[in-house]
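A quick write-up on the structure given underneath.
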Amino acid sequence: MEKADYEVSKEEVIEAIKQVYDPEIPVDIYALGLIYEITIYPLNNIHVLMTLTSPSCPAAELIPGQVEASVRAIENVNDVKVELTFDPPYSQEMMSEGAKLALGFL
């Protein structure tokens, strides 16, 4: 099956992103609420709009590259673009209930 014949699902992209962790926090970045948007374009071109816990995050150079590599590793993905934004600013309210529980916020 060619890449064009198989449509990558949003769930596959989410599962790939869940493999990426902030090195300082024992919770995946999806549960942390760092992923704002996932768009799957024709031919399995993936765009991920994400943020970091702060603009001065020490892992700012590391995390977006890990997201790109993880999504790119999905079979049949053609291209991946990861875009960083700080609008809206990140807040702890963006975390999943599980992440809040794991980090002791509940």
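The values are calculated or read from the model by the stated rules, or taken from the named source; none is laboratory data. Quick caveat: nothing in here was measured; it's all calculated off a predicted structure. Cβ sites come from the backbone with ideal geometry, for glycine too, and all protein chains shown count toward neighbours.
Close contacts from the range 78-106, counting a first residue that is touching a residue at least 60 places away in the same chain (Cβ under 8 Å) and a second that is in a helix (DSSP H, G or I) and of a type outside the set (S, T, Y), with Cβ to Cβ under 6 Å and a gap of 6+ residues or different chains, come to N78/K3; N78/L43; N78/N44. Here the range 9-23 is the region considered, the condition is being at pLDDT 95 or above and part of a loop (DSSP other than H, G, I, E, B), and the residue that is surrounded by the fewest Cβ atoms within 10 Å (Cβ to Cβ) is S9.
Only one entry in S56, S96 is exposed (fewer than 14 other Cβ atoms within 10 Å of the Cβ) and not charged (D, E, K, R), namely S56. In the range 76-93, how many are in a helix (DSSP H, G or I) and surrounded by 12 or more Cβ atoms within 10 Å (Cβ to Cβ)? Residues that pass the stated criteria total 1. Kindly establish whether A73 is closer than 13 Å to V20 by Cβ and either surrounded by 13 or more Cβ atoms within 10 Å (Cβ to Cβ) or of a type outside the set (D, E) (or both). Criteria met by A73.
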